[in-house]
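Rule-based calculations on the coordinates, nothing more; no lab input. Here the structure is a predicted model, which means the values were calculated and not measured. Here the Cβ positions follow ideal geometry from the backbone for every residue, glycine too, while neighbour counts run over all protein chains shown.
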Amino acid sequence: MSKAPKIARTLPALHRALDQLRARNAAVALVPTMGALHEGHISLVRLARKHAKRVVVSIFVNPTQFAAHEDLGSYPRTWKADLAKLTAENVDLVWHPDAKVMYPADFTSRVNVEGPATVSLEDRFRPHFFGGVATVVTKLFTQVRPEIAVFGEKDFQQLKVVTRMARDLDLGVKIVGAPVVRERDGLAMSSRNVYLSAEDRASAPVLYRTLKDTARRMRAGESLSAALAAGTAAIETAGFALDYLEARHAETLAPIASLKDGPVRLLVAAKIGTTRLIDNVKV
Ligand code: PAF
């Protein structure tokens with residue numbers, strides 16, 4: 001029988017719950033989320049469980065990573081369903097602060113990240129994003145003090161930014177990346193997929209199909225520029241407004257000229273209707 005996780009909404013409650021979880025020095029793994037949990041998040045929880053005896057999931061829709069024109073107000077919030085899913089996974093603790101606990105009225109600090117956060121991918125289109133993510137993730141790490149933290153490869157640049165930040169700032173947490181989880185037709189799972197209209201949902205798998213095809217062309221020896229041009233055409237023909245389709249070094253995210261400069265990751269961001277989707281594959 002699964003037992004519902006403890007829920008902490010304040011810092012004293014979090015610290016009391018963590019003291020109990022850490023009895024006999026049990027290692028703690030943290031899975032940071034914004035809720036609206038799907039199978040992708042559940043795969044992070046399962047991976048966390050492989051790395052640590054205790055699993056803590058944070059659910060916090062972080063206002064500092066949304067720009068004024070973005071979807072903070074409408075971001076899906078599915079607390080009851082989330083809790084049922086985490087109960088089924090035997091998660092030990094859910095850290096669920098509200099915005100006033102995370103950012104009290106006199107809060108003025110912000111973590112500034114560079115390196116993989118300034119490579120002209122997501123940062124070009126969402127300049128506020130990584131500062132907000134870095135600030136909240138640093139706070140989550142200092143609040144929970146996990147040995148391990150698990151992030152999905154779907155947000156590939158975010159994974160690299162957090163990994164570098166944890167290392168640069170000696171945050172004492174090992175970052176583990178988890179593979180993208182996909183719907184049967186290949187669409188990468190995302191809490192924002194609920195925004196897709198039926199028509200846009202039908203077109204959405206084009207993104208992953210194109211990534212796979214572009215990677216195949218590159219491996220077959222086509223020049224990167226020719227493969228990317230074919231990929232761009234396929235995505236735009238399917239009705240997407242493309243932000244980027246780029247081959248980058250898989251660790252530094254620096255631009256590359258040839259597969260020899262790799263390991264290579266192919267990354268895409270594009271809008272279909274009003275929904276912006278991101279995805280990536282290994283080349
Ligand atoms: O990937 C997310 O869901 C968020 O960016 C994160 C890491 C939970 C920070 O708010």
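Considering helices alone, the calculated mean residue ellipticity of the chain at 222 nm is -11000 deg cm²/dmol, with DSSP H runs of length four and up weighted by -39500 (n - 2.57) and normalised per residue. List the trypsin sites (Lys or Arg not before Pro) within the stretch 182-269 that fall in a DSSP loop (any state other than H, G, I, E or B) and whose Cβ has at most 12 other Cβ atoms within 10 Å. Here the sparse-neighbourhood loop sites are R184.
Roughly how big is the stretch 1-108's charge dipole about its Cα centre, with Cβ charges of +1 (Lys, Arg) and -1 (Asp, Glu), in debye to the nearest 20?
Numbers: 15 positive and 9 negative charges, 136 e Å.
Dipole size: approximately 660 debye.
Loop-located chymotrypsin sites (Phe, Trp or Tyr not before Pro) in the stretch 33-131 (DSSP state other than H, G, I, E, B) with a sparse environment of at most 13 neighbouring Cβ atoms within 10 Å: F107.
In the P(r) worked out for the stretch 89-165, what percent of Cα pairs fall beyond 16 Å?
Numbers: 1640 of 2926 pairs.
The proportion of pairs with Cα distances above 16 Å equals 56 percent.
Toward the positive end of the charge dipole of the stretch 73-220, with +1 on the Cβ of Lys and Arg and -1 on the Cβ of Asp and Glu, the farthest Cα among T78, F125, V94 is that of F125. Approximating the spin labels as points 7 Å out from Cα along Cα→Cβ, the R167-to-L242 distance works out to 3.1 nm. When +1 charges are put on Lys and Arg Cβ atoms and -1 charges on Asp and Glu Cβ atoms, the dipole computed for the stretch 42-189 relative to its Cα centre reaches about 460 debye.
In the frame of its principal axes, the stretch 227-283 has Cα extents of 35, 19, 14 Å, reported largest first. Between the helical axis of 11-21 and the dominant principal axis of the chain, each derived from Cα atoms, what acute angle in degrees is found, rounded to the nearest 10? The two axes meet at around 90 degrees.
Compute the Cα gyration tensor for the stretch 100-212, then decide on rounded, prolate or oblate, letting a ≥ b ≥ c be the square roots of its eigenvalues: rounded whenever a/c is under 1.5, prolate when a/b is larger than b/c in the other cases, and oblate in all that remain.
Working: a/c = 1.99, a/b = 1.77, b/c = 1.12.
It is prolate, given that a/c is not under 1.5 and a/b is the larger ratio.
When peptides 135-148, 14-27 are ranked by their average number of other Cβ atoms within 10 Å per residue, the highest-first order is 135-148, 14-27. Shape class of the stretch 1-109 from the Cα gyration tensor (axes a ≥ b ≥ c, square roots of the eigenvalues): oblate, since a/c reaches 1.5 or more and a/b does not exceed b/c. In loop segments of the stretch 78-124 as defined by DSSP, the trypsin sites (Lys or Arg not before Pro) with at most 14 further C-beta atoms inside 10 Å of their C-beta are R110.
Here the stretch 115-164 is treated with +1 on each Lys and Arg Cβ and -1 on each Asp and Glu Cβ, and its dipole about the Cα centre works out to around 100 debye.
Seen against the Cα atoms of the chain and their longest principal axis, helix 79-88 is set at about 80 degrees. Could you work out how far the C-alpha centroid of the stretch 136-177 sits from that of the stretch 75-115, in angstrom? That distance is 15 Å. Counted over the chain, the DSSP beta bridges are approximately 50% antiparallel.
Taking only Cα atoms, what is the 0 to 90° angle, nearest 10, from helix 206-219's long axis to the longest principal axis of the chain? Approximately 60 degrees, to the nearest ten. For the chain, just say rounded, prolate or oblate: build the C-alpha gyration tensor, square-root its eigenvalues into a ≥ b ≥ c, call rounded for a/c under 1.5, and beyond that prolate if a/b exceeds b/c, oblate if not. In terms of gyration-tensor shape, prolate.
Using just the Cα positions, wrap the stretch 46-180 in a convex hull and report its mean projected area in square nanometres, one decimal place.
Numbers: hull surface 34.6 nm².
Seen from a random direction, the Cα hull of the stretch 46-180 projects 8.7 nm² on average.
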